[in-house]
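I have placed the structure first, in the form of structure tokens, so that the comments after it can refer back to it.
Laboratory data are not the source of any read-out in this text; all were calculated from the coordinates shown. Being a predicted model, the structure only gives us computed values, none of them experimental. All Cβ positions, even for glycine, are placed from backbone atoms using ideal geometry, and neighbour counts span all protein chains on display.
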Amino acid sequence: MKPTVAPFPATRLRRLRSTDALRRLSRQHRLSVDDLIWPIFVMDGTDTEEAIPSMPGVTRKTLDRAVAAAKEAHALRIPAICIFPYTSMDARTEDCALAWSPDNISNQTIRAIKDAVPEMAIMTDIALDPYNINGHDGFVEDGQIVNDRTVEALVKMAIAQAEAGADILGPSDMMDGRIAAIRAALESNGHHNVAILSYTAKYASAFYGPFRDAVGASAALTGDKNTYQMDPGNADEAMRLVERDLSEGADMIMVKPGMPYLDICRAAKEMFSVPVFAYQVSGEYAMLQAAAQNGWLDGDKVMMESLLSFKRAGCDGILTYFAPAAARMLRNMA
Ligand code: PBG
């Protein structure tokens, strides 16, 4: 049914826009600090941060600095932090064994943050790319990214992260069958309450460029990820993936990147009524920051407007590098 609007002058849609009070009263969607997950980059060493040139304002942090960041995030009431490890070329191997080591930098950071700020939810990334010599999310055999052997490795990674104390696991690899395998392993190892936020509709996107610089994958990556990440032309396939991941035991699903894929967020929310998250990825952050630094856009305003767009599209939360800045704005507005 087409909604009907009474004709002018009975209806003046400008009426509810006429004062700040009326605008606040009639506002349908709002961003809250409760919606934010903050992705951070961690590296070996102590008391150091390295700037990432393509992500102005974002740094790679050593463990002690990551703990300090988690404390800061907690003080701002950000509910969750997501950890991504930086690995140099010489720490990468073909067998990716560091990925499931209890002592890799990611697992060390989980333990240290859990110790210092136990209330902070910690999310992880499950994929082989930070540890793989060729930068791929899965093992490469004869030039092919192999599925089932990769899933076995992802399960080992998941268990190591759960043992370290992670609250939310984020499989970002796009292999088939990984959610079922990870869920079964979590159950049989007693990790009943470890949640899975699946990177469900993850597109083969050029917007990940700055992230690959941040984790040291740009130099490593040979070829592209088109045989496992989704084709940007597809929408129906995203719904099949949501259905599949939910049936395999995902608690929450993610659409990634965010702003260019808001249609997918909306469709997933409408069809499945489950928690939907968007990842406002590195390239989205980079383009807003670059324009703001040039004085071409008002940085604070476009940050808040872009984050609100996810709420309007039906998302329950957003992974964003803007999390601390947005949390500060929200606190100052309250
Ligand atoms: C890799 C992974 C990527 C991102 C998160 N996990 C990059 C990729 O698939 O190459 C991208 C995040 C961003 O761009 O901010 N498993």
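Amide H to amide H distances under 5 Å link residue 215 with no residue, where only residues 5 or more positions off or on other chains count and H is placed in the peptide plane. Where q = 0.19, 0.22 Å⁻¹, what log10 of I(q)/I(0) comes from the Debye formula for segment 129-274, counting one point per Cα? Values, matching the q order: -1.25, -1.48.
Extending 7 Å from the Cα toward the beta-carbon at both residue 119 and residue 300 defines two label points whose distance is 2.6 nm. In plain terms, the chain from residue 308 to residue 271 could stretch by 11.2 nm, reckoned as 0.36 nm per residue minus the Cα-Cα distance. Using the rule -39500 (n - 2.57) for each DSSP H run of four or more residues, divided by the residues of the chain, the 222 nm mean residue ellipticity is -11500 deg cm²/dmol. The Cα center of segment 270-294 and the Cα center of segment 43-63 differ in position by 21 Å. Here the spin labels are modelled as points 7 Å beyond Cα on the Cα-Cβ line, and at residue 188 and residue 25 they lie 6.0 nm apart.
Note: relative contact order over the chain, using C-alpha pairs below 8 Å and six or more positions apart, is 18 percent. As a length-normalised measure over Cα pairs under 8 Å and 6 or more apart, the relative contact order of segment 22-132 settles at 29 percent. Look at the alpha carbon pairs under 8 Å that are at least 6 residues apart: their mean separation over the length of segment 115-195 gives a relative contact order of 33 percent.
Across the cross-link table entries 225/256; 114/202; 114/156; 156/269; 61/114; 114/225, which are compared at the Cα atoms, the separations over 23 Å belong to 114/202; 156/269; 114/225. Any idea how far the Cα center of segment 121-171 sits from the one of segment 211-242, in Å? The distance from the Cα centre of segment 121-171 to that of segment 211-242 comes to 15 Å.
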